[in-house]
1. So which residues in segment A:181-204 are of a type outside the set (Lys, Arg) and open to solvent by 20 Å² or more (accessible area, probe 1.4 Å), if there are any at all?
2. Looking at A:Arg160, A:Arg153, A:Arg190, A:Arg134, which is the one that is in a loop (DSSP other than H, G, I, E, B) and at the interface with chain B (Cβ under 10 Å from one of its Cβ atoms)?
3. Can you pull out the residues in segment B:85-129 that are of a type in the set (Ser, Thr, Tyr), open to solvent by 10 Å² or more (accessible area, probe 1.4 Å) and more than 7 Å from every other protein chain (Cβ to nearest Cβ)?
4. Return only the number of the condition from (1) away from every other protein chain (no Cβ under 14 Å); (2) out of contact with any helix residue (DSSP H, G or I) (no Cβ under 8 Å at 6 or more places or on another chain); (3) small (Gly, Ala, Ser) that A:Gly169 does not satisfy.
5. Would you mind stating whether A:Ile237 is within 24 Å of A:Ala116 (Cβ to Cβ), at pLDDT 95 or above, outside any helix (DSSP H, G or I) and touching a Leu at 6+ places or on another chain (Cβ under 8 Å)?
6. Of everything in segment A:149-191, what is hydrophobic (A, V, I, L, M, F, W, C), in contact with a Gly (Cβ under 8 Å, 6 or more places away or on another chain) and under 18 Å from A:Leu204 (Cα atoms)? Give them in sequence order.
7. Here is a list of conditions, (1) touching a Pro at 6+ places or on another chain (Cβ under 9 Å); (2) open to solvent by 10 Å² or more (accessible area, probe 1.4 Å); (3) more than 7 Å from chain A (Cβ to nearest Cβ); (4) within 20 Å of A:Tyr141 (Cα to Cα), and B:Thr77 meets all of them except one; can you say which number that is?
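The values are calculated or read from the model by the stated rules, or taken from the named source; none is laboratory data. All values reported here derive from a predicted model rather than from experimental measurement. All Cβ positions, even for glycine, are placed from backbone atoms using ideal geometry, and neighbour counts span all protein chains on display. Protein only, heavy atoms only, side chains kept; ligands, DNA and RNA dropped before computing areas. Shrake-Rupley method; radii C 1.70, N 1.55, O 1.52, S 1.80 Å.
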Protein chains: 2
Amino acid sequence: MATTEEKAVSLELGSGGKRMRDFIARHIVPAFRNPFLDDLGDASHLPMGVAFTTDSYVVDPIFFPGGDIGTLAVNGTVNDLVVSGAVPRFLSLALILEEGLPWVDLSRILRSIKRAASRADVLVAGGDTKVVRRGQADKIYVNTSGVGLTVARPRTSLIRPGDRIILTGTLGEHSLAVMLAREEFGLESRVRSDCAPLTYLLPLWERGALWMRDITRGGLATILSELAEKIPHALLIEEEKIPLSLAVRGASELLGIDPLYLACEGRAVIVAPQKKAGAMLSEIRKSPLGRRAAIIGRVDDRIGRPGELLLATMTGGLRLLEPLTSELLPRIC
Amino acid sequence: MATTEEKAVSLELGSGGKRMRDFIARHIVPAFRNPFLDDLGDASHLPMGVAFTTDSYVVDPIFFPGGDIGTLAVNGTVNDLVVSGAVPRFLSLALILEEGLPWVDLSRILRSIKRAASRADVLVAGGDTKVVRRGQADKIYVNTSGVGLTVARPRTSLIRPGDRIILTGTLGEHSLAVMLAREEFGLESRVRSDCAPLTYLLPLWERGALWMRDITRGGLATILSELAEKIPHALLIEEEKIPLSLAVRGASELLGIDPLYLACEGRAVIVAPQKKAGAMLSEIRKSPLGRRAAIIGRVDDRIGRPGELLLATMTGGLRLLEPLTSELLPRIC
């Protein structure tokens, strides 16, 4: 199951990068091979017209500027349904609580879950609570699974050269807000998590969106690399068009981090047919959550080779972007 | 949210007893009040003809005689669907792995999940993997959510005096197998967990079963007490009719534990109309999993008061059974 040097699960596995994807593709998917699991999308479309998804949330710290583990657990799962082409309807809520978790913290998280569920228009339809001893969890872990109504299916096979790549907002706020809240870096910052529901993007499926993904672990570069690998075309994005907040730009430079690899929790990247991209961008910008949306690139076979993701840099260069391989930033979500 | 002496989550909360039920009823349900959550059943019936349930599994140790955390995670969720009146179809699988978990253990658990899913005829439709640092989990926690097709709805309101209570097999093997595997008790035993899918009970819904529950945390006494509280009748069960294995009888006596409060993971209790109970019992006994099924009691207003669960003891006495209040046996599932 692994080389002799690696006989145990390591932290990098949880980064959302290439090692994790390889692990899942090599060890988990083959164990359960079936048509619902094969495309490894964010949610599975089941035969009853229902989409189904799950995520566990282990974010550290549990409270951070702009949200907490509760808002994250609702929005993360809601967003997986939206980008898979489903209207989110129901969530399950499973809590693993560490003995000693203060009631005030649990209470605050439950209130956040309630608020976030109401904002995303989903109902909590069931739940489970387990308690483990001190030192057997870190305060609280939350799992939400989501059930939605399928309204569209991503159509990767229809992606053609000239199609546009739309990013719905600035990158990296969530990762940086969580990292800085850990106080390991001794940096003061005003960065707030972008954690939010993407339900405002649902009408784009009717308007002809071909593919959507929420930008979580691995960041924009990893997610678009994975798309590029699945299609017989290259993707080109332009650095100068990628919206970044001043705070993220500053903190990333200080810390030597590339925002293209940072996780968000309220941003998506969309592939739109060339002729429809302008109208879709206007639609996105109507939402306060999409104000800074931009067309950041296109499907382009003139420069890259099939399967490649290229970045046209500010300085006029061309850089091949690889998926994140491993990252020592665990527990960002 | 709690008295001044209790400002934090305590272990008893996770026992499945009265404290936990009170906590959920007081703090969690009101936060999310909606028609799907109100009956607090094992699974929720959603409008699309679909039933939905979730459970996290934190059993310690992760391997025990008769199963492991993987078999448990599949059967536990499958059984919640069955007893709610749904044919289990799809599971999600979310893993929280502790850094350092040996690959061989993970691999063995994944194989168990595969085998159990195949035995229960469900597909793993999606998943999630998170890794946390050493000391932030205990080896592995597994969440499964389940989606099934609704075929029946429990009809508690139709329960009448004379209806029979059927137990599908011996009590307590799962709890004791897990407890003894912890080696805290220094007891050798041949008890193996009863962990198994209850899908063989699905035909009973068509045959007129009024109500079903799998016997998990809190045990038979807690689960029937909760039923008694919901109906305007009393329930009477007879000690001499309750099937117990010699091993469980012996270990329970040695440890001073009442098997009526022990969790199983492959047993159910069913309320059947008086005239249909005999035929249903024969049906159950046809399955190797139901060989020791028995009619253990009835709905009876002649002895108890509405809402009471009474035990007619071997010695001819009558004992009022209360739901489990708290128990220091965490992580049994």
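1. Within segment A:181-204, the first condition is being of a type outside the set (Lys, Arg), and the residues that meet it are A:181, A:183-189, A:191, A:193-204.
Scanning segment A:181-204 gives A:Ala181, A:Glu183, A:Glu184, A:Phe185, A:Gly186, A:Leu187, A:Glu188, A:Ser189, A:Thr199, A:Tyr200, A:Leu202, A:Pro203.
2. A:Arg134
3. Scanning segment B:85-129 gives a single hit, B:Ser118.
4. With (1) away from every other protein chain (no Cβ under 14 Å); (2) out of contact with any helix residue (DSSP H, G or I) (no Cβ under 8 Å at 6 or more places or on another chain); (3) small (Gly, Ala, Ser) applied to A:Gly169, the lone miss is (2).
5. Numbers: within 24 Å of A:Ala116 (Cβ to Cβ): no; at pLDDT 95 or above: yes; outside any helix (DSSP H, G or I): yes; touching a Leu at 6+ places or on another chain (Cβ under 8 Å): yes.
For A:Ile237, the condition - within 24 Å of A:Ala116 (Cβ to Cβ), at pLDDT 95 or above, outside any helix (DSSP H, G or I) and touching a Leu at 6+ places or on another chain (Cβ under 8 Å) - is not met.
6. A:Leu149, A:Val151, A:Ala152, A:Ile165, listed by residue number.
7. Unmet condition: (2).
Quick grid of which residues meet (1) at pLDDT 95 or above; (2) open to solvent by 10 Å² or more (accessible area, probe 1.4 Å); (3) more than 26 Å from A:Leu210 (Cα to Cα):
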| position | (1), (2), (3) |
| --- | --- |
| A:Phe32 | no, yes, yes |
| A:Leu40 | no, yes, no |
| A:Pro61 | yes, yes, yes |
| A:Leu81 | yes, no, no |
